[in-house]
């Protein structure tokens with residue numbers, strides 16, 4: 001009986017401290033340089049752009065962000081930080097240039113995709129695809 005009470009108390013304490021840690025350490029802001037904030041997407045958002053970007057998405061993004069971009073990909077549980085919900089208004093309200101910067105440059109566990117996807121137009125197409133993930 002004492003062992004069960006100890007285990008229950010321990011679990012409650014761990015949950016409390018984990019929650020307190022999460023609220024006291026929110027994700028750090030992702031600073032985007034001004035030049036990117038003002039960039040316009042040079043790739044027209046059409047069926048061709050979306051189709052080519054979907055292939056890139058499946059290869060490079062889906063494992064972490066999931067099929068619908070909500071951050072529930074197969075690799076998400078293994079990451080230190082929860083992948084962003086790209087369908088959220090917080091992401092969808094960002095400029096195309098900001099999304100281009102984040103995809104290109106990465107941060108922490110998010111890779112620098114400019115190393116994998118060397119054609120900037122393909123990254124711009126991924127930005128177009130991300131726009132289709134709205135809730």
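By average Cβ neighbour count within 10 Å, what is the ranking of 36-43, 58-65, 75-82, 124-131 from highest down?
In decreasing order of mean packing, 36-43, 58-65, 75-82, 124-131 become 124-131, 58-65, 36-43, 75-82.
Projected label points at residue 115 and residue 34, each 7 Å from Cα along the beta carbon direction, are separated by 3.0 nanometres. Here, the stretch 30-131 has an Rg and a Dmax of 12.7, 35 Å when only alpha carbons are counted.
We did not get these values from a lab; they are worked out from the coordinates using the rules stated. None of the values given here were measured: they were computed from a predicted structure. Positions of Cβ are generated from backbone atoms using ideal geometry, with glycine treated the same way; all protein chains shown enter the neighbour counts.
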